[in-house]
1. Give me the net charge for the shell around residue 137: Cβ to Cβ below 15 angstrom, other residues only, Lys and Arg +1, Asp and Glu -1.
2. For the cross-link pairs 105/140; 23/107; 23/105, which exceed 26 Å when the distance is taken from alpha carbon to alpha carbon?
3. Can you list the trypsin sites (Lys or Arg not before Pro) in the range 18-100 that are in a DSSP coil and have 13 or fewer other beta carbons within 10 angstrom?
4. Determine the sum of side-chain charges near residue 84: Lys and Arg each +1, Asp and Glu each -1, restricted to other residues whose C-beta is under 12 angstrom from that of residue 84.
5. Restrict the search to the range 65-163; then list the GluC sites (Glu not before Pro) that DSSP places in a loop and that have at most 11 other Cβ atoms within 10 Å of their Cβ.
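A short reminder: the numbers here are calculations on the coordinates, not readings from a lab. Note that the structure is a prediction, hence the values are computed from the model and not measured. Here Cβ is always computed from backbone atoms with ideal geometry, including for glycine, and neighbour counts include all displayed protein chains.
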Amino acid sequence: MRIALLLLLLSVLPVGAEAPQTKCADWDRIIISDYYLHNNVWGKKDLKGYQQCLFREAGKDGAFGWTWEWPEGAPDVAAYPEVLFGQSPWNPESTSPSLPRQVGKLKKARVTYDLSLQAEGIYNLAFDAWLTSEAPPSEKTITAEIMIWLTHQTLRPDGVSDRSVILLFGSTQ
């Protein structure tokens, strides 16, 4: 199964003539301003014979993304390559001084994106946010995960569907 994803976050990321980068090791990162691409392979277990790479193209368009090839028989969710902004419960530092923030103090949260998806096989594309009971966030303080699926092939989320947006809410308690 071969999949490629190209994200163009022109309205969010600074535009510049950066040198091209490709990184293929598990857990690699490519830093782009207050964001980073993360080669997250949390579900691969003992699986071998796969390749998953992050890339940032040269030039002024700010294009970046990832490619992967997983063998047949891979786990349902073997990896979750990601664009991280802020702080996750598994990342000790935030990518931005503005995050984390208390949900009750937010007036609104807006995500702006532009993407091009070229994919086959099984995949999903989603936004993911973790709510925690205290700061700094940690795996032990997770109270809920909010995931908004933009598109998917074959995979189906748990949770409830609200027309074209699927919201997943879970609790660790």
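1. The answer is -3.
2. 23/107; 23/105
3. Those satisfying the criteria are 45, 48, 60.
4. -3
5. Details: sites: 69, 72, 82, 93, 120, 134, 139, 145; in loops: 72, 93, 120, 134.
Counting only loop positions with at most 11 other Cβ atoms within 10 Å, the GluC sites (Glu not before Pro) in the range 65-163 are 72, 93, 120, 134.
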